[in-house]
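Participant: Handing you a structure now.
The values are calculated or read from the model by the stated rules, or taken from the named source; none is laboratory data. All figures in this text were calculated on a predicted structure; none of them were measured in a lab. Because the Cβ atoms are built from the backbone with ideal geometry, glycine has one as well, and the counts that use them run over all protein chains shown. Only protein heavy atoms, including side chains, enter the accessible area calculation; ligands, DNA and RNA are left aside. Shrake-Rupley method; radii C 1.70, N 1.55, O 1.52, S 1.80 Å.
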Amino acid sequence: MKIKLTFILLAFVFLFESINAQSRGNLSGKVTDAKTGEPLIGATIIFEGTTIGASSNANGSYLIENIPTGTYNLKASYIGYQTLIKYNIVIRSEGNVDINFQLEEDLSELGEVVVTPNPFQKLNTTPLSIQRLSQEEIASYPGGNNDIARVVQTLPGVGGSIGGFRNDVIIRGGAPNENVYYLDGIEIPNINHFATQGSAGGPVSLLNVSFFEGVTLSASAFGAEYDNVLSGVLQFDQRTGNNRSLANNIRISSSEAAYTVEGPLFKGSSEESNTTFIASVRRSYLQLLFDAIGLPILPDYWDYQYKFNHSVDQYNDIYITGIGSIDDFQVNELDEFDAEQKAIQDQVPIIEQRTNTIGLGWTRRFKDKSGVLRTTLSTNVLNNRFQQFEDNVNQTGLLFENDSRELETRFRTKLNRFIGDWTTSYGLVLINADYSNETSDIINNRNFNSGLNFFRYGVFAQASSKIANNRLGVSFGIRADGNSFTNSGNEMYRTISPRAAVSYSLNQKETWTLNASIGRYYKILPYTTLGFQDLNGAFINRDGEYIRSDHLVTGIEYLINEKSRVSLEGFFKYYSNYPVSVDDQVSVANKGGGFEVLGSEPIVSNGEGRTYVAELLFQQKFNGKFYAIAALTLYHSEFTNANERFIPAVWDNGVLVSLLGGYKFGKNWELSGRWRYLGSTPFAPVNEQATLDNYPAVIRDFSRLGEVRLDPFSQVDIRIDKKWSFSSFSFDLFLDIQNVLAQTQPEEPQFGLQRDEAGNIIEPRSLVRVNTNPEGSVLPSIGVVFNF
């Protein structure tokens, strides 16, 4: 059967190859000032190594027509500004997304000295520990399966949870709930389906890759505008819809199908519209596949995303954006007994989850070019019903139920002012939090129905500049946060968080750069923790403190040429006031990596933690044929337990290696691959007696955390892409093969009740290990993308 399918696929490929009829496409975009956002008129945009290009018009827009299909690097230049190159731009007959440029003023006065353009854009506030992925890099990542969260896991210093099963984003040894996520300046609490409430992980991302212009990850040196972050800021930049014509995108893969449509609104007879839209919907059919092959779980999800942009005039822009998901996780009756599958069926939760975020943004550019005001108003809601039963199939014998809602309404405003060579910014955030939770916990004898409504607020200021003939970049910032619920929440002096960053070019050509940053950051406890009540109805975690994290980072970067760099960074992070579980006597930082409700338990805020990191990175931008990223991260992460003793964190892999590369062949063929290696992972083993007494609930023995570790994780993925262009549509075909070497992946020992061959429980009851013979599996996935 596999041979027949392969033959049909090859015949299909060669048929399309022979009738490829259209070999040219168009590309448009906009060129603006990176600081003020004003359009740059007369900027030159040209494809490297060709004479194909255009100039920007009075609106800063450009249109390049009749481009031969293929992959290029695109360069934008303007007098008095630094040249900027966008790499790995794929031109199709249809489906080419806008490529926008934000150019920075060239403040240097070096005369005849030629400065090497740096393609790895950084900010004065964040001169190091920052990575950016383009839309094409996200869509074509091997092993990513068009999942942004999974793609982010392959960035330098970013790991995944145990065994690589979930989309938890572990940045330099920090817990997954220490990150924040922004969608065009609108904060979204989570980016995954079936999200772990109180944390930030899940098995699959709810973000559509067709929507994005790029993704930026900051692993330290966070700007003062960002609150509630300890480890990382992920900014997702959405595309603006096509302002000239209607465009459609359909993506079908082995697990889901997605449709995206974009275009102008109220265009009339104009060539371009001031109002655009882009919207998408995505549907999983994993539940149908799993049901057909008799697996015990049925994950079913939808998601949707949209954005409307309107340019009021040359000084004012507004947008409305939103994202949401509909998730249902059920179990399936087994066709035939299998000990491991039966244990999974017994132990997984039943999840019904709904999320929605909607936001309104306004950007106001001052007419005298002295500043920019950005304001957003948004609301996000999570409805989560999480249940565990003695009999999951019939949903009888309730063991645990969490029926909760988290609702936030956020107002943010930030004013940037330009004073000479300095950029100053200041602003505030105001959040109304409304949380309700009805919990029934039979095992721990807890029942409560809590509700709380309170305000969170924060203020910040920052100043940055490039001085000393543009060779020295400096930034200073400060913020403070408070809330109206916790006992010390209104004492904002407790959360004063200064930060500073410096970047210095060691030579006039600016090929060697020394970077450093230091900062203090705070995070409020999750609503699940704040809203927890004891049997008397008291909010016993109300005296919980903001978690504090102090960062010290230093590094050096060498720009080999305008397409490649090598960098070395050292990083130290120290935590204070980390919540420690009263029940399990362990830092809550060691929880949240599974299907659970994190933090709904009594805690004390006396935990500490520390992380040491050294990271070596080489990056090669697309040079016409290939691109590559190689990173080695060495780190150690540990947190104190209830005895104030430091023990390794469950994220303490020690070694993280990430290799990624791709090669572009002729006729729009591409081969890419990646290798990820994570060192041995600590885990808390199952307390077998407690689990037997409470089965199917799994009870862990956190007192043994650090005594046992999983074997190292290693996986090689490859991907093959082929693109065709026709007169009215383009067609992409990809084959993504995960774990191509069939390496056996580490997994924790799993236990279930001992049963006979028919699946009947053997009395007296006892636990047996059910995953005794793990095998490596190759996971191929095929997909198609239509643009028309």
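Participant: Give just the number: which of (1) modelled with pLDDT of 95 or more; (2) in a loop (DSSP other than H, G, I, E, B) does His636 not satisfy?
Facilitator: (2)
Participant: Going by the conditions given, is Phe455 among the aromatic types (Phe, Trp, Tyr) and not in a loop (DSSP other than H, G, I, E, B)? Explain how you work it out, then say what you get.
Facilitator: Numbers: among the aromatic types (Phe, Trp, Tyr): yes; not in a loop (DSSP other than H, G, I, E, B): yes.
Judged against the criteria, Phe455 is a match.
Participant: If you don't mind, another one. May I ask you to verify whether Phe683 is more than 30 Å from Ala343 (Cα to Cα) and in contact with an Asp or Glu (Cβ under 6 Å, 6 or more places away or on another chain)?
Facilitator: Working: more than 30 Å from Ala343 (Cα to Cα): no; in contact with an Asp or Glu (Cβ under 6 Å, 6 or more places away or on another chain): yes.
Answer is no for this residue.
Participant: Let me ask another. Of all the strands (runs of 3 or more DSSP E) wholly in the stretch 210-304, which have at least 2 residues that are free of Cβ contacts under 8 Å to residues at least 40 places away in the same chain and charged (D, E, K, R)? Spell out the reasoning first.
Facilitator: Details: elements: 212-218, 232-238, 247-252, 256-265, 275-284.
Filter on the stretch 210-304 gives 256-265.
Participant: Considering only residues that are open to solvent by 40 Å² or more (accessible area, probe 1.4 Å) and not in a loop (DSSP other than H, G, I, E, B), look in the stretch 78-105 and name the one that is modelled with the lowest pLDDT.
Facilitator: Checked the stretch 78-105; the qualifying residue modelled with the lowest pLDDT is Glu105.
Here's the yes/no breakdown for (1) of a type in the set (Phe, Trp, Tyr); (2) open to solvent by 50 Å² or more (accessible area, probe 1.4 Å); (3) in contact with a Pro (Cβ under 8 Å, 6 or more places away or on another chain):
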| site | (1), (2), (3) |
| --- | --- |
| Pro299 | no, no, yes |
| Ile318 | no, yes, no |
| Ser325 | no, no, no |
| Phe329 | yes, no, yes |
| Asp346 | no, no, yes |
| Thr357 | no, no, yes |
| Gly361 | no, no, no |
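Participant: Residues that are free of Cβ contacts under 8 Å to residues at least 24 places away in the same chain and either on the phi > 0 side of the Ramachandran plot or among the β-branched types (Val, Ile, Thr) (or both): does the stretch 387-394 have at least one? Quick ask: steps written out before the conclusion?
Facilitator: The first filter runs over the stretch 387-394 and keeps only residues free of Cβ contacts under 8 Å to residues at least 24 places away in the same chain, leaving 391, 394.
Applying the additional criterion that residues be either on the phi > 0 side of the Ramachandran plot or among the β-branched types (Val, Ile, Thr) (or both) yields none.
Looking for residues that are free of Cβ contacts under 8 Å to residues at least 24 places away in the same chain and either on the phi > 0 side of the Ramachandran plot or among the β-branched types (Val, Ile, Thr) (or both), one finds none in the stretch 387-394, hence no.
Participant: Among (1) in contact (Cβ under 8 Å) with a residue 60 or more places away in the chain; (2) over 29 Å from Gly537 (Cβ atoms), which single condition is Ile443 missing?
Facilitator: All conditions are met except number (2).
Participant: Please work out which residue is farthest from Arg412 (Cα to Cα), limiting yourself to the stretch 367-386 and to residues that are touching a residue at least 60 places away in the same chain (Cβ under 8 Å) and open to solvent by 50 Å² or more (accessible area, probe 1.4 Å).
Facilitator: Lys369
Participant: Within the bounds of the stretch 493-511, is there any residue that is part of a strand (DSSP E or B), surrounded by 16 or more Cβ atoms within 10 Å (Cβ to Cβ) and touching a His at 6+ places or on another chain (Cβ under 9 Å)?
Facilitator: Scanning the stretch 493-511, I find at least one residue that is part of a strand (DSSP E or B), surrounded by 16 or more Cβ atoms within 10 Å (Cβ to Cβ) and touching a His at 6+ places or on another chain (Cβ under 9 Å), so the answer is yes.
Participant: If I ask for residues that are under 25 Å from Leu133 (Cβ atoms), open to solvent by 50 Å² or more (accessible area, probe 1.4 Å) and either out of contact with any Lys or Arg (no Cβ under 9 Å at 6 or more places or on another chain) or among the hydrophobic types (A, V, I, L, M, F, W, C) (or both), which ones from the stretch 625-654 would you list? Don't jump to the end; show me each part of the working.
Facilitator: The initial filter retains those residues of the stretch 625-654 that are under 25 Å from Leu133 (Cβ atoms), namely 625-635, 637, 651, 653.
Still in the running and open to solvent by 50 Å² or more (accessible area, probe 1.4 Å): 625-626, 632, 634.
Passing the criteria: Phe626, Leu632, Leu634.
Participant: Out of the stretch 469-492, which residues are open to solvent by 60 Å² or more (accessible area, probe 1.4 Å) and within 27 Å of Glu557 (Cα to Cα)?
Facilitator: Selection gives Phe476, Ile478.
Participant: Then there's this: Regarding the stretch 282-291, can at least one residue be identified that is among the hydrophobic types (A, V, I, L, M, F, W, C), over 30 Å from the mean Cα position of the chain (by Cα), modelled with pLDDT under 95 and buried (at least 17 other Cβ atoms within 10 Å of the Cβ)? Spell out the reasoning first.
Facilitator: Taking the stretch 282-291 as the starting set, the residues that turn out to be among the hydrophobic types (A, V, I, L, M, F, W, C) are 286, 288-290.
After this cut, where a residue has to be over 30 Å from the mean Cα position of the chain (by Cα) as well, the list is none.
Checking the stretch 282-291: not a single residue is among the hydrophobic types (A, V, I, L, M, F, W, C), over 30 Å from the mean Cα position of the chain (by Cα), modelled with pLDDT under 95 and buried (at least 17 other Cβ atoms within 10 Å of the Cβ).
Participant: Hey, among the residues in the stretch 64-78 that are of a type outside the set (Ser, Thr, Tyr) and in contact with an Asp or Glu (Cβ under 9 Å, 6 or more places away or on another chain), which one's farthest from Lys722 (Cα to Cα)? Steps first, answer last, please.
Facilitator: Of the residues in the stretch 64-78, the ones of a type outside the set (Ser, Thr, Tyr) are 64-68, 70, 73-76.
With the extra rule that they be in contact with an Asp or Glu (Cβ under 9 Å, 6 or more places away or on another chain), the set shrinks to 73-75.
Details: Asn73: 19, Leu74: 21, Lys75: 25 Å.
Looking at the filtered set, the residue picked out is Lys75.
Participant: Then there's this: Does Thr423 count as buried (at least 19 other Cβ atoms within 10 Å of the Cβ), among the β-branched types (Val, Ile, Thr), assigned to a strand (DSSP E or B) and touching a residue at least 40 places away in the same chain (Cβ under 8 Å)?
Facilitator: On the way: buried (at least 19 other Cβ atoms within 10 Å of the Cβ): yes; among the β-branched types (Val, Ile, Thr): yes; assigned to a strand (DSSP E or B): yes; touching a residue at least 40 places away in the same chain (Cβ under 8 Å): yes.
So Thr423 passes the test.
Participant: Which residue pairs have Cβ atoms under 9 Å apart, sit 6 or more places apart or on different chains, and have a first residue in the stretch 182-199 that is free of Cβ contacts under 8 Å to residues at least 60 places away in the same chain and a second that is among the charged types (D, E, K, R) and not in a strand (DSSP E or B)?
Facilitator: Here the result reads Asn192/Arg166; Asn192/Asp168, each pair linking the stretch 182-199 to a residue that is among the charged types (D, E, K, R) and not in a strand (DSSP E or B).
Participant: With the structure loaded, tell me whether Leu741 is outside any strand (DSSP E or B), open to solvent by 30 Å² or more (accessible area, probe 1.4 Å) and either among the aromatic types (Phe, Trp, Tyr) or touching a strand residue (DSSP E or B) at 6+ places or on another chain (Cβ under 7 Å) (or both) or whether it fails that test.
Facilitator: On the way: outside any strand (DSSP E or B): yes; open to solvent by 30 Å² or more (accessible area, probe 1.4 Å): yes; either among the aromatic types (Phe, Trp, Tyr) or touching a strand residue (DSSP E or B) at 6+ places or on another chain (Cβ under 7 Å) (or both): yes.
It is true that Leu741 is outside any strand (DSSP E or B), open to solvent by 30 Å² or more (accessible area, probe 1.4 Å) and either among the aromatic types (Phe, Trp, Tyr) or touching a strand residue (DSSP E or B) at 6+ places or on another chain (Cβ under 7 Å) (or both).
Participant: Report the residue count in the stretch 675-732 for those that are under 28 Å from Ile761 (Cα atoms) and not hydroxyl-bearing (Ser, Thr, Tyr). Give the steps one after another, and end with the answer.
Facilitator: From the stretch 675-732, those under 28 Å from Ile761 (Cα atoms) are 684-701; that's our starting set.
In the following step, the residues that additionally are not hydroxyl-bearing (Ser, Thr, Tyr) were identified as 684-690, 692-694, 696-701.
Number satisfying all stated conditions: 16.
Participant: Within the stretch 193-226, count every residue that is open to solvent by 10 Å² or more (accessible area, probe 1.4 Å), more than 15 Å from the chain's Cα centre (by Cα) and within 23 Å of Gly157 (Cβ to Cβ).
Facilitator: 2
Participant: Is it the case that the stretch 436-444 has a residue that's in a strand (DSSP E or B), touching an Asp or Glu at 6+ places or on another chain (Cβ under 8 Å), small (Gly, Ala, Ser) and open to solvent by less than 30 Å² (accessible area, probe 1.4 Å)?
Facilitator: Checking the stretch 436-444: at least one residue is in a strand (DSSP E or B), touching an Asp or Glu at 6+ places or on another chain (Cβ under 8 Å), small (Gly, Ala, Ser) and open to solvent by less than 30 Å² (accessible area, probe 1.4 Å).
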